[in-house]
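Have a look at the structure below, then the notes.
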Amino acid sequence: MSLKLGVNIDHIATLRQARRATYPDPLMAAELCLWVGADYIVVHARNDERHITEKDLAQLCKYYGKKIHLECNFSEKMQKLALKYKPGSVCIVPEQPGEITTQGGLKFTPKNFDRIRAMTEALQKKGIKVSLFVDPDSASLRAAARCGADVVELCTRAYSEATTKKEQAKCLRELALASLLAKELGMEVHAGHGLNYENVLAVADLCGVSCMNIGFAIIAHAVLAGLPQAVCAMKERL
Ligand code: PXP
């Protein structure tokens with residue numbers, strides 16, 4: 001089975017929102033990514049709509065339906081949003097006000113467990129596949145399975161931020177064990193966060209991982225790779 005790639009296009013919208021402009025357009029970005037072989041498109045709906053807005057989500061789901069994978073927190077508000085636009089799949093992630101990016105996997109507590117499980121069930125009832133973003137530890141994986149998750153997305157943040165080979169190897173061992181346990185518990189295994197062209201292969205090689213969700217590194221590469229063409233186009237115009 002070949003590994004699938006979900007391209008997170010949040011930062012196309014980050015660029016647009018920096019100017020409150022109408023471009024670059026996430027819809028166009030989604031079209032380009034899918035055209036060249038991305039398996040699906042990932043967008044993260046945040047409370048502050050600092051990149052992807054409800055309007056973006058509406059358009060993306062209208063045109064690409066099941067190819068849209070929505071990341072959002074487990075609030076009633078986000079549940080309503082997901083049920084309104086019905087993307088193909090949803091990944092429930094934690095969200096802290098003011099964070100630069102997602103800080104890690106869901107922390108399952110007696111207080112939030114029922115909410116996460118209820119949201120999982122509500123989305124599944126409407127045919128939406130549900131993934132839970134978790135750290136690679138057995139307690140989180142077992143909690144995700146008890147919530148009835150179809151998928152766990154293993155958080156690769158610690159791995160991607162490891163600064164020594166030893167630390168990186170330890171993180172990879174944890175991811176490998178987590179992947180095996182998740183499969184044993186009957187869940188599909190995806191992975192993402194902080195992956196780039198240098199560090200991605202070791203995670204891609206882990207037994208059981210079937211999808212990788214990657215955003216920042218791809219959009220950052222696209223900006224520089226496309227710059228010569230963009231400058232030439234303007235020079236020609238002048
Ligand atoms: N997976 C999840 C659950 C995320 O929250 C993010 C960041 O939005 C990603 C993957 C993608 O991370 P990156 O942009 O670092 O590739």
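The values are calculated or read from the model by the stated rules, or taken from the named source; none is laboratory data. All of these numbers come straight from a predicted model, not from anything done at the bench. Backbone-built Cβ (ideal geometry, glycine too); neighbour counts: all protein chains shown. For the accessible areas, the whole protein counts, side chains as well, though only heavy atoms, and no ligand, DNA or RNA atoms are used. Shrake-Rupley method; radii C 1.70, N 1.55, O 1.52, S 1.80 Å.
Going residue by residue through the stretch 57-64, is there one that turns out to be within 13 Å of the ligand (Cβ to nearest atom), open to solvent by less than 80 Å² (accessible area, probe 1.4 Å) and either among the acidic types (Asp, Glu) or at pLDDT 95 or above (or both)? No, every residue in the stretch 57-64 fails to be within 13 Å of the ligand (Cβ to nearest atom), open to solvent by less than 80 Å² (accessible area, probe 1.4 Å) and either among the acidic types (Asp, Glu) or at pLDDT 95 or above (or both).
Please go through the stretch 20-56 and give me each residue that is small (Gly, Ala, Ser) and within 16 Å of the ligand (Cβ to nearest atom), ordered by number. Quick ask: steps written out before the conclusion?
Going residue by residue through the stretch 20-56, those that are small (Gly, Ala, Ser) are 21, 29-30, 37-38, 45.
Correct list: ALA29, ALA30, ALA38, ALA45.
Among the conditions (1) under 19 Å from the mean Cα position of the chain (by Cα); (2) open to solvent by less than 20 Å² (accessible area, probe 1.4 Å), TYR197 misses just one, which is (2).
Give CYS232, CYS155, CYS211 a once-over and let me know the one that is away from the ligand (no atom under 14 Å from the Cβ) and open to solvent by less than 80 Å² (accessible area, probe 1.4 Å).
Details: CYS155 fails: away from the ligand (no atom under 14 Å from the Cβ); CYS211 fails: away from the ligand (no atom under 14 Å from the Cβ).
The match here is CYS232.
Would you check which residues across the stretch 179-206 are among the hydrophobic types (A, V, I, L, M, F, W, C), more than 10 Å from the ligand (Cβ to nearest atom) and either within 22 Å of SER89 (Cβ to Cβ) or in contact with a His (Cβ under 7 Å, 6 or more places away or on another chain) (or both) and list them?
As a first pass, look at the stretch 179-206 and keep what is among the hydrophobic types (A, V, I, L, M, F, W, C): 180-182, 185, 187, 189, 191, 195, 200-204, 206.
So of that shortlist, the ones also more than 10 Å from the ligand (Cβ to nearest atom) come out as 180-182, 185, 187, 189, 201-204, 206.
Scanning the stretch 179-206 gives LEU181, ALA182, LEU185, MET187, VAL189, VAL203, ALA204, LEU206.
Just so you know, in the stretch 124-136 the residues that are in contact with a Leu (Cβ under 7 Å, 6 or more places away or on another chain) and farther than 10 Å from ILE92 by Cα include one that is surrounded by the fewest Cβ atoms within 10 Å (Cβ to Cβ), and it is LYS126.
Scanning the stretch 158-167 for residues that are touching a helix residue (DSSP H, G or I) at 6+ places or on another chain (Cβ under 9 Å) and away from the ligand (no atom under 16 Å from the Cβ) yields a count of 1. Checked against the criterion of being farther than 21 Å from VAL134 by Cβ, open to solvent by 50 Å² or more (accessible area, probe 1.4 Å) and aliphatic (A, V, I, L, M), the stretch 66-73 contains not a single residue that satisfies it. May I ask you to say which residue of ILE100, ILE116, ILE92 is free of Cβ contacts under 8 Å to residues at least 12 places away in the same chain and either small (Gly, Ala, Ser) or within 16 Å of the ligand (Cβ to nearest atom) (or both)? Checking each option against the conditions leaves just ILE100.
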